[in-house]
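What follows is one structure encoded as structure tokens, with my remarks underneath.
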Amino acid sequence: MTTINKTLEAIMQLDFNTREILLQILEKRQIEDRRKEIARNAKAALTSFKKGKHSPQTAADIIKKLDALD
């Protein structure tokens with residue numbers, strides 16, 4: 001099994017420009033994965049709302065609830 005340390009050691013063997021490209025690729029993939037996660041969460045929330053599990057609320061009500069969490 002590859003560990004993070006072994007992976008980092010292998011990456012550091014690459015030249016500077018290749019590491020820069022690798023960083024860009026990883027960042028773009030992370031962004032895309034996060035977008036997919038947000039889309040899944042939004043779809044699940046919408047489905048839940050349509051099933052009547054949640055009721056509409058005003059922004060002010062939501063802010064009050066969030067403030068109460070502190």
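The values are calculated or read from the model by the stated rules, or taken from the named source; none is laboratory data. This structure is a prediction, so every number in the text was calculated from the model and none was measured. Positions of Cβ are backbone-derived with ideal geometry, glycine not excepted, and every protein chain shown enters the neighbour counts. In case anyone asks, the SASA skips ligands and DNA or RNA and just uses the protein heavy atoms, side chains included. Shrake-Rupley method; radii C 1.70, N 1.55, O 1.52, S 1.80 Å.
Of all aspartates and glutamates in the structure, not one has an alpha carbon short of 12 Å from that of Lys28, not counting any fewer than 8 places away in one chain.
Across the accessible surface of the chain, with the other protein chains kept in place and a 1.4 Å probe, carbon and sulfur atoms take up 60 percent. Among the listed values [x] 12.4; [y] 11.5; [z] 16.4, the one matching Kirkwood radius over Cα pairs in Å as calculated from this structure is [z]. Taking other residues whose beta carbon is less than 13 angstrom from the beta carbon of Ala39, and scoring Lys, Arg as +1 and Asp, Glu as -1, yields +2. Annotation for segment 16-69: trypsin sites (Lys or Arg not before Pro) lying in DSSP loop with at most 10 further Cβ atoms inside 10 Å of their Cβ are Lys51, Lys53.
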